[in-house]
Amino acid sequence: MDSVFHRRSIRKYKAMPVEREKIIRILQAAMAAPSACNQQAWRFYVVTEPEKKKALAGVSHFSAFAEAAPVLIVPVFRNDSQLPEFAPIDLSAAVENMLIETDALGLGGVWLGVYPRQERAEKIREILELPENETPFAMVAIGYPAEVKGPSGRWHEEWVTFVE
């Protein structure tokens with residue numbers, strides 16, 4: 001559980017490649033997430049090619065730093081799944097699992113929002129030449145952290161109501 005509380009959004013990375021074994025472990029964590037009717041409508045594109053990373057970093061002004069990340073993972077959901085309306089919710093759980101495992105492996109990462117912004121999704125679709133039945137959900141930048149952040153302090157007791 002330490003990674004749940006330790007994990008922070010990391011946007012600065014050392015110029016070090018991430019080992020394939022760690023990338024696989026992060027993807028295993030993603031696929032361990034729950035999904036509606038166990039549909040597992042997700043697919044994951046792992047991008048390390050510099051020109052593709054540069055193009056993906058240009059999808060939004062919020063993602064410009066991602067070009068320097070050693071790895072960009074682009075989770076997508078299948079529109080032809082059993083319950084496509086739940087696929088974005090399923091991918092939210094998958095991406096959170098990815099980020100927790102990223103931290104547990106001594107890496108840093110950040111979730112870059114794509115869905116439901118259609119203009120971002122279309123740019124990614126073109127860059128990665130995705131099939132029409134796949135919708136880009138997010139980008140996750142991953143690498144060895146070149147910055148240290150303290151705890152976030154996000155607990156707000158006043159936001160909790162016990163109904164007993």
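Filter segment 58-89 down to the residues that are in a helix (DSSP H, G or I) and either surrounded by fewer than 18 Cβ atoms within 10 Å (Cβ to Cβ) or out of contact with any strand residue (DSSP E or B) (no Cβ under 8 Å at 6 or more places or on another chain) (or both) and list them by number. Write out each step before concluding.
At the first step, the residues of segment 58-89 found to be in a helix (DSSP H, G or I) are 61-68, 84-89.
If the condition is that a residue be in a helix (DSSP H, G or I) and either surrounded by fewer than 18 Cβ atoms within 10 Å (Cβ to Cβ) or out of contact with any strand residue (DSSP E or B) (no Cβ under 8 Å at 6 or more places or on another chain) (or both), then His61, Phe62, Ala64, Phe65, Glu67, Ala68, Pro84, Glu85, Phe86, Pro88, Ile89 are the ones that fit.
For a quick check of your reading: which strands (runs of 3 or more DSSP E) sit entirely within segment 105-155 and have at least 3 residues that are closer than 23 Å to Lys22 by Cβ? If you could, list the steps in order and put the result at the bottom.
Numbers: elements: 108-113, 134-136, 138-143.
Here the list reads 108-113, 138-143.
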Taking segment 115-149 and keeping residues touching a residue at least 60 places away in the same chain (Cβ under 8 Å) and in contact with a Lys or Arg (Cβ under 8 Å, 6 or more places away or on another chain) leaves Ile127, Leu128, Glu134, Pro136, Ala141, Gly143, Tyr144, Pro145, Ala146, Glu147, Lys149
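Please work out if Arg11 is open to solvent by 70 Å² or more (accessible area, probe 1.4 Å), within 16 Å of Trp111 (Cβ to Cβ) and not in a helix (DSSP H, G or I).
Details: open to solvent by 70 Å² or more (accessible area, probe 1.4 Å): yes; within 16 Å of Trp111 (Cβ to Cβ): yes; not in a helix (DSSP H, G or I): yes.
Yes: the conditions hold for Arg11.
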Taking segment 37-86 and keeping only residues that are aromatic (Phe, Trp, Tyr), touching a residue at least 40 places away in the same chain (Cβ under 8 Å) and within 14 Å of Glu134 (Cβ to Cβ), one is left with Trp42, Tyr45, Phe77
The condition from (1) modelled with pLDDT of 95 or more; (2) surrounded by fewer than 16 Cβ atoms within 10 Å (Cβ to Cβ); (3) of a type in the set (D, E, K, R); (4) touching a Ser or Thr at 6+ places or on another chain (Cβ under 9 Å) that Arg125 misses is numbered (2)
Expected output for segment 93-114 (first residue among the polar types (S, T, N, Q), partner open to solvent by 30 Å² or more (accessible area, probe 1.4 Å), Cβ below 8 Å, 6+ apart or cross-chain) is Asn97/Ala32; Thr102/Arg7
If we keep only residues of segment 93-104 that are buried (at least 16 other Cβ atoms within 10 Å of the Cβ) and of a type in the set (Gly, Ala, Ser), then the residue nearest to Ile142 (Cα to Cα) is Ala104
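The values are calculated or read from the model by the stated rules, or taken from the named source; none is laboratory data. Keep in mind that what you see is a predicted model, and the values were worked out from it rather than measured. Backbone-built Cβ (ideal geometry, glycine too); neighbour counts: all protein chains shown. What goes into the accessible areas is simple: the full protein's heavy atoms, side chains included, and nothing from ligands, DNA or RNA. Shrake-Rupley method; radii C 1.70, N 1.55, O 1.52, S 1.80 Å.
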